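*Asks:* Starting off with a structure, shown below.
The values are calculated or read from the model by the stated rules, or taken from the named source; none is laboratory data. Everything numeric here is computed off the predicted structure, so don't read it as measured data. No Cβ is skipped: glycine too gets one built from the backbone with ideal geometry, and neighbour counts run over all protein chains shown.
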Amino acid sequence: MSLFSRIASLCRNLIRKGKVEQELSDEVSSYVDLATRAKIKEGLTERDARREALVDLGGVEQVKEQVREVRLGHFLDTRWQDLRFGLRTLRKAPIFSLTVALVLALGIGSTALMFTIVNSVLVQGPPYPQADRLYMLWQNIPQEDHVTFSAREFNAWKKQTEVFETLSTYMGNGFALSSAGDPELLFGYLVTPSLFRTLGTNAALGRVFLDEEGEVGKDHVVILSHSVWRDKFAQRPDVLGRPIVLNGEPYTVVGVMPPEFDFPQADAKLWAPAALDGPFFQQHPDAHFLRVIGRLKSGVTPQRLQTEVDLLGKRVDAPDDETSRHYYAVSLKEFATGQLHNPLLVLLAAVGFLLLIACANVANLMLARANARQGEIAIRAAMGASRRRLIAQLLTEAGVLASIGGIAGLAIAVWGLDLLKLFGAENIPELAHAHLDRMALSFVFLISTAAGLVFGVGPAFTASRTSFQTALKGTTRSTTGADRTRQALVFIEVTLAAVLLIGCALMMRSFLTLMQVDPGFRPENVVTANAGLMKERYPDAASILRLYQTSLASVRSLPGVQAAGTVTHLPFGGNDWGNGFEIEGQPAPAGVEYSAQMRPASPGYFPALGISLKQGREFTESDNETAPGVAIVNEMLAKRFWPNESPLGKKIRFHKDWLSIVGVSGNVKHSRLDANSDAEIYVPYPQVPEDVMKFVGRDMNYVVRSANPASTAGELRRAIRALDPQMVVKITTMQALIHDSIAQPRFRTWLIGIFSIFALTLACLGIYGVIAYLVTQRYKEIGIRLALGATRSNILQLILARTLKLTAAGILAGLIAAFFLSRFLRTILFGITVHDPITFVAVPACLIAIALLAGYLPARRATRVDPVTSLRYE
Amino acid sequence: MKEKKADLLQGTLHLLILKALAAQALHGLGVSNRINQITKGTFQVKPGSLFPALHRMEESGWLKSSWGDSENNRRAKYYTLTKAGRRQLEAETEDWLTISVGITSALRAT
């Protein structure tokens with residue numbers, strides 16, 4: 001009964017508040033009237049009676065407030081009042097409110113952005129069901145890590161069923177699509193049909209492969225990616241069952257994958273079955289180019305997996321295989337995102353610092369504002385507001401600001417993510433999977449609340465302690481407590497900013513060092529063209545060689561060409577070819593097979609790319625199929641096997657025939673600027689064995705050094721197309737390829753640079769704020785000093801010295817902290833140590849200069865003080 | 001009349017108000033006077049305590065109020081006990097008597 005009545009009263013109190021208040025007013029004034037009447041009856045005059053009645057009452061507003069305090073719904077009502085009042089006061093101070101909201105939005109937004117990326121990429125991992133059960137198999141052999149599998153090895157592994165529920169394999173392949181418009185080379189993958197089962201995904205349209213489609217004769221089916229379906233087939237549902245021509249042969253489309261499916265990489269445009277029993281794989285059973293992925297049987301732990309893989313590895317090797325192989329498993333998540341782990345965490349820490357700086361900044365702003373509002377708060381207290389009520393009201397204001405900052409921050413995070421994906425997605429494909437989900441939203445909510453508390457609680461508590469007298473008198477001196485808090489906050493800001501800037505400077509120096517690495521050749525003014533030779537038009541080595549000869553002659557005659565050559569595997573072209581080799585007279589120890597990168601190259605290749613020849617000569621036209629077999633080795637290989645003599649004339653072989661070494665070339669960085677070079681063996685095109693050439697010669701990479709690269713590019717395409725109109729040709733420059741190869745370090749350096757700029761700006765604003773405030777507090781003192789004979793420059797020095805005192809401690813603390821924290825950057829720094837002295841000296845020096853700059857404006861204002869007017873200041 | 005200011009627990013105030021209104025409807029000042037009367041001058045309830053208590057009890061459903069004319073033809077808010085209020089009065093009276101017997105005997109013990 002009581003509960004029902006209370007609920008009814010609650011509703012009435014909230015909804016009909018006006019009426020309730022009016023009644024209360026009437027009731028209290030009625031009480032006063034009755035009391036007055038009673039006193040008149042006792043003999044007092046009307047005026048005295050009324051006065052006494054009011055005194056007895058204790059104050060009309062006070063009584064009403066006491067009633068309100070016990071009223072049901074009072075809490076909600078006051079919160080609502082606080083909210084409206086808070087919004088009004090914030091509207092009346094637009095600059096303050098906007099500044100706080102902006103600062104918070106930057107801090108919260110950046111943090112939310114990085115959190116989203118870390119969550120999507122690192123925490124959630126690959127988007128397949130139970131993706132933590134997916135593992136890839138790799139092997140190490142002497143001289144080479146992280147080697148792929150051969151068809152024979154895969155089949156042997158497939159027979160072992162102890163650990164894997166399903167085991168699948170895939171390899172990249174070029175598909176020339178020639179039925180929909182211009183012939184276009186699409187990059188796709190040959191996959192065993194069980195791959196989709198292993199991953200646990202289904203097609204969006206149609207179906208995935210059936211197991212029998214892995215057999216020869218049934219394998220001319222294909223699954224399209226969503227982007228190909230959209231771009232080339234206009235998303236027509238009738239594409240299923242349609243025959244399309246790939247690499248000159250008819251394939252039937254059986255399915256289309258969902259838009260977000262991009263296994264194994266974002267460049268996958270279509271998937272076709274890998275017929276492991278078919279001619280392609282059977283002809284090269286020992287060529288290692290298969291990637292293997294499997295799903296663990298339930299109950300198999302990662303530790304057990306590794307032990308089993310070790311054991312099974314010994315069983316799997318072919319009896320005549322002398323190479324010692326070490327097999328191991330890597331989780332798919334680790335493989336896909338392992339190298340992003342450290343950079344992303346560093347960036348996350350960086351935004352954490354930024355957020356803290358932002359909160360410190362806002363706290364300072366709130367303190368300053370609370371100080372300025374002392375008069376208003378004192379009046380509210382005098383009107384009957386309890387300390388608790390004042391704190392609640394100030395906290396509500398902080399809450400409103402935190403909410404606005406949080407919502408704006410969320411907007412920044414959303415836009416920022418879209419921007420990042422736009423600029424970075426091509427080179428950092430993992431970004432494509434980053435999306436804002438419930439976790440990210442909860443995170444934003446959490447840090448907004450935490451931020452609100454952090455910068456709201458302090459000022460709320462200090463401000464509500466306002467003493468009435470000092471406030472109403474109009475003196476706006478802050479207490480020493482508040483002063484010290486402000487300085488402590490700036491100290492924190494400067495320290496954090498210093499750490500962040502040192503980290504940023506380290507990463508920038510590292511990136512600059514990376515950019516300046518000598519790749520071993522001269523990439524300027526070099527145009528490259530990648531031509532894909534389709535099997536049906538170039539079925540054998542002879543046809544490849546014919547094209548090689550005619551195209552080279554044609555390319556060489558183009559205007560502006562200074563040198564031209566071809567190579568099968570271009571540096572930074574994404575491909576390589578490792579093969580075993582032998583040195584005559586230096587047999588390899590047991591269980592070891594020497595391995596080097598093989599590079600069939602044409603005459604003119606070395607001058608075109610700008611690789612220096614250290615000894616001997618480069619290839620000429622006379623190194624043809626009838627001439628004695630020759631090879632050029634790079635310096636690394638030469639020094640390893642012939643440290644004290646010239647290798648010229650010595651014999652080396654990678655196939656049946658011994659080749660005579662005729663030249664030594666400089667080392668070249670082939671796939672990464674920050675990796676070491678490999679041993680390389682160059683051989684002339686015509687001398688490559690036929691059965692090897694028709695396999696490795698599928699990519700013809702033209703390297704053209706030209707005085708006018710832009711026009712040469714167009715001419716090059718025309719020249720190649722003239723020889724074969726159906727050829728798919730990709731033209732780019734060497735510099736562009738190198739540029740793309742360092743996209744990820746570039747990306748993370750940009751990001752930390754942006755965060756550091758934000759942090760530095762905020763720290764400067766913080767310093768500026770405190771010094772400006774200090775100057776206004778000391779107007780009188782400055783005026784007196786000036787009156788007593790101090791020069792303007794004395795005052796300037798005084799204020800700047802104060803600025804220095806304020807910031808030096810923070811910079812020093814930041815320096816020490818950075819010294820200990822920079823070890824976390826070890827894995828992502830290139831070419832400089834984590835305690836790089838130049839950085840650790842230059843950054844603090846710059847910070848001191850910037851801090852002095854931040855204090856300069858208020859200092860200048862201080863020098864303009866007119867002693868006479870300043871004495872009137874309190 | 002000498003006013004003895006004694007600390008009133010809120011619970012006791014509720015009990016006194018219920019008792020004061022048991023006989024007849026009263027307005028705020030009337031309740032205060034009646035409490036003073038029935039406690040023989042021990043308790044003089046100030047408006048600052050009285051009004052909050054009256055409103056709380058009305059929200060709980062023990063009192064109900066209506067506006068009427070007072071002695072000097074001014075409008076005043078009169079409170080009466082509801083049925084629930086009467087039940088509450090009985091319950092609280094019994095509680096109080098039990099407590100006071102217990103405490104009295106405790107104080108008398110040697």
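*Asks:* Please go through segment A:493-510 and give me each residue that is surrounded by fewer than 21 Cβ atoms within 10 Å (Cβ to Cβ) and either among the hydrophobic types (A, V, I, L, M, F, W, C) or assigned by TED's automatic domain parsing to the domain that holds residue A:246 (or both), ordered by number.
*Replies:* A:508 - this is the single residue of segment A:493-510 that is surrounded by fewer than 21 Cβ atoms within 10 Å (Cβ to Cβ) and either among the hydrophobic types (A, V, I, L, M, F, W, C) or assigned by TED's automatic domain parsing to the domain that holds residue A:246 (or both).
*Asks:* A further question follows. Suppose the filter is within 14 Å of chain A (Cβ to nearest Cβ) and outside any loop (DSSP other than H, G, I, E, B); does residue B:58 pass it? Give the steps one after another, and end with the answer.
*Replies:* Details: within 14 Å of chain A (Cβ to nearest Cβ): yes; outside any loop (DSSP other than H, G, I, E, B): yes.
Yes; evaluated as a whole, the condition is true for this residue.
*Asks:* If you scan segment A:831-874, which residues turn out to be more than 15 Å from residue A:777 (Cα to Cα) and of a type in the set (Phe, Trp, Tyr)?
*Replies:* Selection gives A:840, A:856.
*Asks:* A follow-up question, please. Scan the strands (runs of 3 or more DSSP E) fully inside segment A:592-645 and keep the ones with 2 or more residues being not assigned by TED's automatic domain parsing to the domain that holds residue A:706.
*Replies:* Details: elements: A:595-601, A:613-616, A:630-634.
The strands (runs of 3 or more DSSP E) meeting that bar number zero.
*Asks:* Next question. For segment A:558-574, what are the residues that are crowded, with 17+ Cβ neighbours inside 10 Å and at pLDDT below 90?
*Replies:* Once the filter is applied, which keeps residues that are crowded, with 17+ Cβ neighbours inside 10 Å and at pLDDT below 90, segment A:558-574 yields only A:573.
*Asks:* Right, another one. I'm told residue A:359 meets every condition in (1) assigned to a strand (DSSP E or B); (2) under 26 Å from the mean Cα position of the chain (by Cα) except one. Can you identify the failing condition by its number?
*Replies:* Looking at each condition in turn, residue A:359 falls short on (1).
*Asks:* Output the number of the condition that residue A:702 fails; it satisfies all remaining conditions of (1) touching a residue at least 40 places away in the same chain (Cβ under 8 Å); (2) of a type outside the set (Val, Ile, Thr); (3) under 27 Å from residue A:284 (Cβ atoms); (4) not in a strand (DSSP E or B).
*Replies:* For residue A:702, the exception is condition (4).
*Asks:* Give the residues of segment A:697-749 that are of a type in the set (Val, Ile, Thr) and within 30 Å of residue A:117 (Cα to Cα), sorted by residue number. Explain how you work it out, then say what you get.
*Replies:* Step one: filter segment A:697-749 for residues of a type in the set (Val, Ile, Thr), giving A:703-704, A:712, A:720, A:728-729, A:731-733, A:738, A:742, A:749.
Listed by number, the residues that qualify are A:738, A:742, A:749.
*Asks:* Among the candidates B:59, B:71, which residue alone is acidic (Asp, Glu) and either surrounded by fewer than 20 Cβ atoms within 10 Å (Cβ to Cβ) or more than 24 Å from residue A:24 (Cα to Cα) (or both)? Full working, then the answer.
*Replies:* Numbers: B:59 fails: either surrounded by fewer than 20 Cβ atoms within 10 Å (Cβ to Cβ) or more than 24 Å from residue A:24 (Cα to Cα) (or both).
None of the other options fit; the residue is B:71.
*Asks:* Please determine whether any residue of segment A:210-223 is under 28 Å from residue A:728 (Cα atoms), in the same structural domain as residue A:155 (by TED's automatic domain parsing), surrounded by fewer than 17 Cβ atoms within 10 Å (Cβ to Cβ) and in contact with a Leu (Cβ under 8 Å, 6 or more places away or on another chain).
*Replies:* For segment A:210-223, residues under 28 Å from residue A:728 (Cα atoms), in the same structural domain as residue A:155 (by TED's automatic domain parsing), surrounded by fewer than 17 Cβ atoms within 10 Å (Cβ to Cβ) and in contact with a Leu (Cβ under 8 Å, 6 or more places away or on another chain): absent.
*Asks:* Does segment A:89-100 contain any residue that is within 30 Å of residue A:413 (Cα to Cα), in contact with an Asp or Glu (Cβ under 9 Å, 6 or more places away or on another chain) and either among the β-branched types (Val, Ile, Thr) or away from every other protein chain (no Cβ under 12 Å) (or both)?
*Replies:* Within segment A:89-100, the first condition is being within 30 Å of residue A:413 (Cα to Cα), and the residues that meet it are A:89-100.
Then keep just the ones that are in contact with an Asp or Glu (Cβ under 9 Å, 6 or more places away or on another chain); that gives A:89-90.
Applying the additional criterion that residues be either among the β-branched types (Val, Ile, Thr) or away from every other protein chain (no Cβ under 12 Å) (or both) yields A:89-90.
Among the residues of segment A:89-100, at least one is within 30 Å of residue A:413 (Cα to Cα), in contact with an Asp or Glu (Cβ under 9 Å, 6 or more places away or on another chain) and either among the β-branched types (Val, Ile, Thr) or away from every other protein chain (no Cβ under 12 Å) (or both), which makes the answer yes.
*Asks:* Another question, if that's okay. How many residues, within segment A:381-390, are over 13 Å from residue A:61 (Cα atoms), surrounded by fewer than 19 Cβ atoms within 10 Å (Cβ to Cβ) and touching a residue at least 60 places away in the same chain (Cβ under 8 Å)?
*Replies:* 2
*Asks:* Sticking with this structure for a sec: Within segment A:783-819, count every residue that is among the aromatic types (Phe, Trp, Tyr) and surrounded by 15 or more Cβ atoms within 10 Å (Cβ to Cβ).
*Replies:* 0
*Asks:* Any idea which of A:844, A:858 is modelled with pLDDT of 90 or more and outside any loop (DSSP other than H, G, I, E, B)? Let's see the steps before the verdict.
*Replies:* Numbers: A:858 fails: modelled with pLDDT of 90 or more.
Exactly one residue qualifies, and that residue is A:844.
*Asks:* Does residue A:448 fit the bill of being in contact with a helix residue (DSSP H, G or I) (Cβ under 7 Å, 6 or more places away or on another chain), at pLDDT below 80 and of a type outside the set (Phe, Trp, Tyr)? Outline the logic, then answer.
*Replies:* Numbers: in contact with a helix residue (DSSP H, G or I) (Cβ under 7 Å, 6 or more places away or on another chain): yes; at pLDDT below 80: no; of a type outside the set (Phe, Trp, Tyr): yes.
For residue A:448, the condition - in contact with a helix residue (DSSP H, G or I) (Cβ under 7 Å, 6 or more places away or on another chain), at pLDDT below 80 and of a type outside the set (Phe, Trp, Tyr) - is not met.
*Asks:* Sticking with this one: Which of the residues that make up segment A:562-591 are in a loop (DSSP other than H, G, I, E, B), polar (S, T, N, Q) and more than 19 Å from residue A:629 (Cα to Cα)? Working first, answer last.
*Replies:* Step one: of segment A:562-591, the residues in a loop (DSSP other than H, G, I, E, B) are A:568-577, A:581, A:584-585, A:587-591.
So of that shortlist, the ones also polar (S, T, N, Q) come out as A:568, A:575.
Within segment A:562-591, A:575 is the sole residue that qualifies.
*Asks:* Any chance segment A:851-869 includes a residue that's closer than 29 Å to residue A:346 by Cα and among the aliphatic types (A, V, I, L, M)? Break it down stepwise before answering.
*Replies:* Filtering segment A:851-869 for residues closer than 29 Å to residue A:346 by Cα gives A:851, A:854.
Then drop every residue that is not among the aliphatic types (A, V, I, L, M), which leaves A:851, A:854.
Yes; the residues of segment A:851-869 include at least one that is closer than 29 Å to residue A:346 by Cα and among the aliphatic types (A, V, I, L, M).
*Asks:* For segment A:533-544, how many residues are surrounded by fewer than 20 Cβ atoms within 10 Å (Cβ to Cβ) and either under 45 Å from the mean Cα position of the chain (by Cα) or assigned to a loop (DSSP other than H, G, I, E, B) (or both)?
*Replies:* Looking only at segment A:533-544, we keep the residues that are surrounded by fewer than 20 Cβ atoms within 10 Å (Cβ to Cβ), and these are A:535-537, A:539-540, A:542-543.
When the remaining residues are screened for being either under 45 Å from the mean Cα position of the chain (by Cα) or assigned to a loop (DSSP other than H, G, I, E, B) (or both), the result is A:535-537, A:539-540.
Adding up the residues that qualify gives 5.
*Asks:* Then there is this: Does residue A:761 satisfy the condition of being modelled with pLDDT of 90 or more and under 30 Å from residue A:519 (Cα atoms)? Spell out the reasoning first.
*Replies:* Numbers: modelled with pLDDT of 90 or more: yes; under 30 Å from residue A:519 (Cα atoms): no.
No; evaluated as a whole, the condition is false for this residue.
*Asks:* OK, next. Any idea which of A:625, A:635, A:593 is surrounded by fewer than 21 Cβ atoms within 10 Å (Cβ to Cβ), of a type in the set (Asp, Glu) and more than 29 Å from residue A:528 (Cβ to Cβ)? Write out each step before concluding.
*Replies:* Values: A:625 fails: more than 29 Å from residue A:528 (Cβ to Cβ); A:635 fails: more than 29 Å from residue A:528 (Cβ to Cβ).
That would be A:593, the only listed residue that is surrounded by fewer than 21 Cβ atoms within 10 Å (Cβ to Cβ), of a type in the set (Asp, Glu) and more than 29 Å from residue A:528 (Cβ to Cβ).
*Asks:* What number of residues within segment B:71-105 are without any contact (Cβ under 8 Å) to a residue 60 or more places away in the chain and part of a helix (DSSP H, G or I)?
*Replies:* 16
*Asks:* Additional query: Being more than 30 Å from the chain's Cα centre (by Cα) and in a strand (DSSP E or B) is the filter here, so list the residues in segment A:145-165 that pass it. Before you say what the answer is, go through the steps one by one.
*Replies:* We begin by selecting, within segment A:145-165, every residue more than 30 Å from the chain's Cα centre (by Cα); these are A:149-165.
Hits for segment A:145-165 are A:149, A:164, A:165.
*Asks:* Sticking with this structure for a sec: Name every residue in segment A:90-105 that is crowded, with 18+ Cβ neighbours inside 10 Å and either aromatic (Phe, Trp, Tyr) or over 33 Å from the mean Cα position of the chain (by Cα) (or both), in order of residue number.
*Replies:* A:90 - this is the single residue of segment A:90-105 that is crowded, with 18+ Cβ neighbours inside 10 Å and either aromatic (Phe, Trp, Tyr) or over 33 Å from the mean Cα position of the chain (by Cα) (or both).
*Asks:* Please go through segment A:158-178 and give me each residue that is under 30 Å from residue A:535 (Cα atoms) and in contact (Cβ under 8 Å) with a residue 12 or more places away in the chain, ordered by number. I'd like the intermediate steps shown before the answer.
*Replies:* In the first step, residues of segment A:158-178 are kept if they are under 30 Å from residue A:535 (Cα atoms); the result is A:158, A:167-178.
The answer is A:167, A:168, A:169, A:170, A:171, A:172, A:173, A:174, A:175, A:176, A:177, A:178.
*Asks:* On to the next question. Has segment A:347-361 got at least one residue that is over 28 Å from residue A:446 (Cα atoms), buried (at least 19 other Cβ atoms within 10 Å of the Cβ) and among the small types (Gly, Ala, Ser)? Break it down stepwise before answering.
*Replies:* Step one: filter segment A:347-361 for residues over 28 Å from residue A:446 (Cα atoms), giving none.
Taking every residue of segment A:347-361 in turn, none turns out to be over 28 Å from residue A:446 (Cα atoms), buried (at least 19 other Cβ atoms within 10 Å of the Cβ) and among the small types (Gly, Ala, Ser).
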